[in-house]
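The values are calculated or read from the model by the stated rules, or taken from the named source; none is laboratory data. Everything quoted here is computed from the prediction, not taken from an experiment. Cβ atoms come from the backbone with ideal geometry, glycine included; neighbour counts cover every protein chain shown. SASA here: full protein model, heavy atoms, side chains in, ligands and nucleic acids out. Shrake-Rupley method; radii C 1.70, N 1.55, O 1.52, S 1.80 Å.
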Amino acid sequence: MAGDQFDVVLTQGAEQDLEALHDYIAEFDCIANANHVLDKLMNIVESLSRFPERGSYPKELVALGIKEYRQTSFKPYRVIYRVMATQIIIYLIADGRRDMQSVLGRRLLGA
């Protein structure tokens, strides 16, 4: 797979996550920091097209025996994704300080 490029696709939920994070940081900090965080997260998302296997397995999912999702981060934000054939599908972008067990359960497992 070295040298191969994967298509990176953000789900509607992941796009909404980015918007919500940007809006929150802009409101409670400043627009410059909101833009900085958004740029860093987008760089991470784009880099997955070249190195999708670099992410670790989210511990909350491994505890349930699920190893089909991976994660990478720009602390404290976590990007949860899945490698499927030639695509990387981004499912969730969230502040890792949240109750990730609940967030992952709702978003990925429909719980």
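Going by the alpha-carbon gyration tensor, a ≥ b ≥ c the square roots of its eigenvalues, is region 54-98 rounded (a/c under 1.5) or, if a/c is not under 1.5, prolate (a/b greater than b/c) versus oblate?
On the way: a/c = 2.13, a/b = 1.22, b/c = 1.75.
Taking the square roots of the gyration eigenvalues as a ≥ b ≥ c, region 54-98 is oblate.
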Centre separation in Å (Cα based) which lies between region 37-63 and region 11-34: 18 Å
1.4 Å probe accessible area per residue over region 12-56, in Å²: 62 Å²
Given a cut-off of under 8 Å on Cα pairs at least six residues apart, what relative contact order in percent is computed for the chain? 29 percent
With each pseudo-label sitting 7 Å past Cα toward Cβ, what's the Ser47-Arg82 distance in nm, one decimal? 2.4 nm
Counting only residues 5 or more places away or on other chains, whose amide H sits under 5 Å from the amide H of Met84 once H atoms are built in the peptide plane? Ile89
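Taking a temperature of 10 °C and a viscosity of 1.306 mPa s, what whole-number D in µm²/s does Stokes-Einstein yield for region 12-111 with Rh from Kirkwood over alpha carbon pairs?
114 µm²/s
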Using θ = phi - 60° and Karplus 6.51 cos²θ - 1.76 cosθ + 1.60, couplings along region 67-79 (whole Hz; Gly, Pro as x): 10, 9, 10, 10, 9, 9, 8, 10, 3, x, 8, 10, 10
Long-range amide H partners of Val8, meaning residues 5 or more apart or on another chain whose placed amide H is closer than 5 Å, are Ile88
Within the accessible area of region 59-111 (1.4 Å probe), percent carbon and sulfur: 50 percent
Any idea what the dipole of the chain comes to, in debye rounded to 20, about its Cα centre with Lys/Arg Cβ at +1 and Asp/Glu Cβ at -1? 520 debye
